[in-house]
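The values are calculated or read from the model by the stated rules, or taken from the named source; none is laboratory data. Values in this document were obtained by computation on a predicted structure and should not be read as measured data. Heads up, the Cβs are rebuilt from the backbone with ideal geometry, glycines too, and the neighbour counts pull from every protein chain shown. Note: accessible area is taken over every heavy atom of the protein model, side chains too, but ligands, DNA and RNA are not part of it. Shrake-Rupley method; radii C 1.70, N 1.55, O 1.52, S 1.80 Å.
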Amino acid sequence: MIPAAFDYVRPSTVDEAVAALVAGGEDAKVLGGGQSLMPVLRLRMGAPSVLVDCSRIDELKGISDAGGAIVIGAGVTHDDVEKSALVREHVALLAKVTATVADRQIRHRGTLGGALAHADPAGDQPGTALALGATFTIAGPAGRRTVPASEFFVDYFTTAVGPDEVLVSVSFPKHAGWGAHYERFNRTAQAWAIVGAAATVRMDGGTIAEARVALTNMGPSPVRATTVEAALVGVSTLAGIAAAAAHAADGTRPTGDIHADPEYREHLARVLTRRAVAAAAGI
Amino acid sequence: MPHHISVTVDGTSYEADVEPRQLLVHWLRDDLGRVGTVVGCDTSNCGACTVLMDGRSIKSCSVLAVQADGSEITTIQGLATGDEWHPVQAAFKECHGLQCGYCTPGMVLATVDLLAENPNPTEEEIRDGLHGNLCRCTGYNNIVKSVQHAAGLMGGTK
Ligand SMILES: Cc1cc2nc3c(=O)[nH]c(=O)nc-3n(C[C@H](O)[C@H](O)[C@H](O)COP(=O)(O)OP(=O)(O)OC[C@H]3O[C@@H](n4cnc5c(N)ncnc54)[C@H](O)[C@@H]3O)c2cc1C
Ligand code: FES
Ligand code: FES
């Protein structure tokens, strides 16, 4: 279908983008890579009055080393995130998770910032941002603010980004040397994750010294499996990993849908967490 | 309000005024008459509309024509050199990589993009690399063979 008519502006700075959102009022919408928005517009599930195309704002484009963290512009494409040497070295989990998002064509256009701002419960990257303790820089009419991941994801498709705000960048604390693995379960090649488990671990000899575990699609917003993380410290065997992973579904609120009922999702969370941790730890 | 765009399509420069809501695929088909690029879905899934934008594969149903401003687009109609097929086109013909042919423009361009990055892909890499393109006819096996054959024609070792 053809989208309903809208106006279009293409700012070249973040300030211009915020001004355009303010001028556009409530029905103005940021256009990132368009890979979630375009299907919505084509199916006429949304009809914004004006699209503020942020894809040509230089400030949103870079990946930089900020000492203790890697800062990724909201407008960096999935393809560039996945292939970045900085990301692969310091935030390996994000690179691995991003490689599983959609297909090549969509990864060439879709952006990290768009995926995080969209906050689809089945999206692959939000959990990783949560578990790694990412911080989000958001620009609005009152200036810029920084929001921790624990406050960024609010609910289904809802984040801390207001209607007149632009997500500028996401800062990921460095985890160089940590093993990383993502396990994602789906039935067909193009499907979104029914459940996903992302794990990254710091090894000390053959023992897990620290772990971060994120779950995809186990509730309205991403889940960090903190009970599993704590139980993994000091573990050096597959049996130990399985015992820790048995807690993966603790405290989660997965939905039931045509793909899986909540109990099956809980089962998947435990199995996928065990596999992801074992692969990340090389155990 | 229409927006002015300058886009190079298959080597020819175009200037046009487009409505913001016009999808790139509709501009190519309806305004430029380049109907080799087709539409197969409303959900950005099928990949039939795949073209190259500045050398990388994209789904032209999921990009606005205004967003293509300043870019270089390659469609299936810009791949051959005169009467000579592009090696990927030749390989699809040789290996019977198509039946009805509806998915083929997208499959061919997705293959060109894949081989540019990975000149000698394994079968698994081919299937993963083309998973944004659906085919309702072939069962994919001959498509995989076509990609392997194209890799050989283009200098890979398979
Ligand atoms: C067929 C298909 C399969 C897919 N499969 C997967 C998958 O398996 N896993 C997965 O995780 N994702 C998947 N996706 C989604 C894909 O990852 C999208 O690229 C991503 O969700 C949105 O990024 P975008 O840049 O295209 O955002 P857009 O579509 O441009 O925008 C999405 C939303 O975010 C807002 N937004 C965008 N950028 C900003 C910003 N800088 N500041 C504030 N708000 C902003 C927009 O206003 C909009 O509400 C799939 C998409 C399609 C079409
Ligand atoms: S027409 Fe189906 S993905 Fe573009
Ligand atoms: S040949 Fe018919 S859809 Fe692929």
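Tally Lys/Arg at +1 and Asp/Glu at -1 over every other residue whose Cβ is under 13 Å from the Cβ of B:Glu19; what's the total?
-3
Based on Cβ point charges of +1 for Lys and Arg and -1 for Asp and Glu, what charge dipole magnitude is obtained for the range A:182-281 about its Cα centre, in debye rounded to the nearest 20?
With only Lys, Arg, Asp and Glu charged at Cβ, the dipole is about 180 debye.
Just name one of A:Ala209, B:Gln148, B:Ile58: the one whose Cα is farthest towards the positive end of the charge dipole of the protein assembly as shown (beta-carbon charges, Lys/Arg +1, Asp/Glu -1).
Going by the charge dipole, the pick is A:Ala209.
Peptide A:99-112: average number of partner chain Cβ atoms within 10 Å per residue?
6
Can you find, among A:Pro11, A:Leu51, A:Ser36, the residue farthest towards the positive end of the dipole of the range A:7-53? Put +1 on the C-beta of Lys and Arg, -1 on that of Asp and Glu.
Of the listed residues, the answer is A:Ser36.
Under the rule of -39500 (n - 2.57) per DSSP H run of 4 or more residues, summed and divided by the residues of chain A, what mean residue ellipticity at 222 nm is obtained, to the nearest 500 deg cm²/dmol?
-9000 deg cm²/dmol
Other chains' Cβ within 10 Å of B:17-23 residues: what's the mean?
Per residue, the average neighbour count from other chains is 5.
Leaving out ligands, DNA and RNA, and with a 1.4 Å probe, what % of the accessible surface on chain B is carbon or sulfur? Before the final figure, lay out each step's value.
Details: 3360 of 6980 Å².
Accessible surface attributable to carbon and sulfur in chain B totals 48 percent.
Please get the size of the charge dipole for chain B, origin at its Cα centre, with Cβ charges of +1 on Lys and Arg and -1 on Asp and Glu, quoted in debye to the nearest 20.
Magnitude of the dipole: close to 500 debye.
Determine the distance separating the Cα centre of the range B:5-26 from the Cα centre of the range A:88-161; give it in Å without decimals.
31 Å
In debye to the nearest 20, how big a dipole does the protein assembly as shown give about its Cα centre with +1 on each Lys and Arg Cβ and -1 on each Asp and Glu Cβ? Walk me through the numbers before you get to the answer.
Values: 35 positive and 48 negative charges, 218 e Å.
Charge dipole of the protein assembly as shown: 1040 debye, to the nearest 20.
How high is the relative contact order of chain B, given as a whole-number percent (alpha carbon pairs under 8 Å, six or more residues apart)?
Values: 294 pairs, mean separation 37.1, N = 158.
That works out to 23 percent.
For chain A, which span is the longest to avoid every loop-located (per DSSP) member of trypsin sites (Lys or Arg not before Pro) having at most 12 other Cβ atoms inside 10 Å?
A:45-186
Which residue fluctuates the most in chain A, going by a Gaussian network model with Cα springs under 10 Å, if the choices are A:Gly113, A:Gly219, A:Gly33?
A:Gly219
Keeping every protein chain in place, order A:Met203, A:Met38, B:Met1 by accessible area at 1.4 Å, biggest value first, i.e. largest first.
Putting A:Met203, A:Met38, B:Met1 in descending order of accessible area: B:Met1, A:Met203, A:Met38.
Residue by residue through the range A:110-122, which ³J(HN,Hα) values in whole Hz follow from phi under the Karplus form 6.51 cos²θ - 1.76 cosθ + 1.60 (θ = phi - 60°), with glycine and proline marked x?
Result, rounded to whole Hz: x, 10, 4, x, x, 5, 6, 5, 6, 6, 5, x, 8.
Over chain A, what is the relative contact order in whole percent, taking alpha-carbon pairs under 8 Å and six or more residues apart?
In percent, rounded to a whole number, it is 16.
Can you give me the relative contact order of the range A:182-281 as a percent, contacts being Cα pairs under 8 Å and 6 or more apart?
Across the range A:182-281, relative contact order equals 30 percent.
Got a sec? Charge dipole of chain B, +1 on Cβ for Lys and Arg, -1 for Asp and Glu; which of B:Val88, B:Ile126, B:Gln22 is way out at the positive end?
In chain B, that residue is B:Ile126.
May I have the pair-distance distribution P(r) for the range B:1-114, computed from all Cα-Cα distances with 5 Å bins from 0 and rounded to whole percent?
2, 12, 23, 25, 18, 11, 5, 2, 0, 0
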